[in-house]
Amino acid sequence: MRNNKQKLKLGIAIGGVLTALAMAPGAASANCGGGGLSPAENDICTPTKNARLLPNGRLVPPKSAPRKIKAVIAAANQIRTKPYVWGGGHSRWWDRGYDCSGAVSFALHGGRFLDSPLPSGPMESWGLSGEGRWISVYANSGHAYAVIAGVRWDTSGDASGTGPRWHADLRSSAGYVARHPAGF
């Protein structure tokens, strides 16, 4: 009997410590842009394994990706061959083409991070400030793109035309505000 009480007390103590750690400020998101990170923040900010870009333009998420990140990638893959259409993806999710923020919104909606599309300007205040571990959205008043599992999702910079595409190369984020969903 005494042994069971000790086990129960130990279990409650461990549960309390884990709960406190999970709810600590910065547990879901850390300021990954600066130096002097604590060991816990360093782990959160450590880049994840990148997704794999196939020759056909489809992105394969890493096996370690959370379910919601895999859903974001799957959604983006569905529209990766659509043309660029100004305003596309804003009046309805399924559209004949997508503009920059419509394409980013569609991908985020796939992971249930957005209920309705956002223009690039409002994306500057969406989610949490800074880069995320799995998703970083970069926005300014004229353009938006995302880096998802280490691969850029953008409507510009493609040699074969414009429209939502995955890009192995990253671009400068100068002039953009970085945002991310909590915990990702």
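The values are calculated or read from the model by the stated rules, or taken from the named source; none is laboratory data. Only a predicted model underlies this, so the values are computations on that prediction, with no experimental measurement involved. Virtual Cβ from ideal backbone geometry, glycine too; neighbours counted across all protein chains shown.
Which of the residues belonging to the stretch 70-79 are closer than 16 Å to TYR145 by Cα and either aliphatic (A, V, I, L, M) or surrounded by fewer than 18 Cβ atoms within 10 Å (Cβ to Cβ) (or both)? Within the stretch 70-79, VAL72, ILE73, ALA75, ALA76, ILE79 qualify. Scanning the stretch 68-118 for residues that are touching a Lys or Arg at 6+ places or on another chain (Cβ under 8 Å), on the phi < 0 side of the Ramachandran plot and among the charged types (D, E, K, R) yields LYS68, ARG80, LYS82, ASP95, ARG96. Test PRO83 against the criterion of being farther than 15 Å from TYR145 by Cα and either crowded, with 18+ Cβ neighbours inside 10 Å or out of contact with any helix residue (DSSP H, G or I) (no Cβ under 9 Å at 6 or more places or on another chain) (or both), and give yes or no. Answer is yes for this residue. The number of residues in the stretch 128-142 that are buried (at least 20 other Cβ atoms within 10 Å of the Cβ) and more than 10 Å from the chain's Cα centre (by Cα) comes to 2.
When LEU59, LEU54 are checked against the criterion of being at pLDDT 95 or above, surrounded by 15 or more Cβ atoms within 10 Å (Cβ to Cβ) and out of contact with any Asp or Glu (no Cβ under 6 Å at 6 or more places or on another chain), a single residue qualifies: LEU59.
Consider the stretch 110-125 and keep the residues that are in a loop (DSSP other than H, G, I, E, B) and in contact with a Ser or Thr (Cβ under 6 Å, 6 or more places away or on another chain). The one that is surrounded by the most Cβ atoms within 10 Å (Cβ to Cβ) is PRO117.
Whether a residue is closer than 19 Å to ARG165 by Cβ and either part of a helix (DSSP H, G or I) or modelled with pLDDT of 90 or more (or both) was assessed, and ALA65 does not pass this test. Residues in the stretch 143-175 that are within 16 Å of LEU118 (Cα to Cα), over 13 Å from the mean Cα position of the chain (by Cα) and of a type in the set (Ser, Thr, Tyr): THR155 only.
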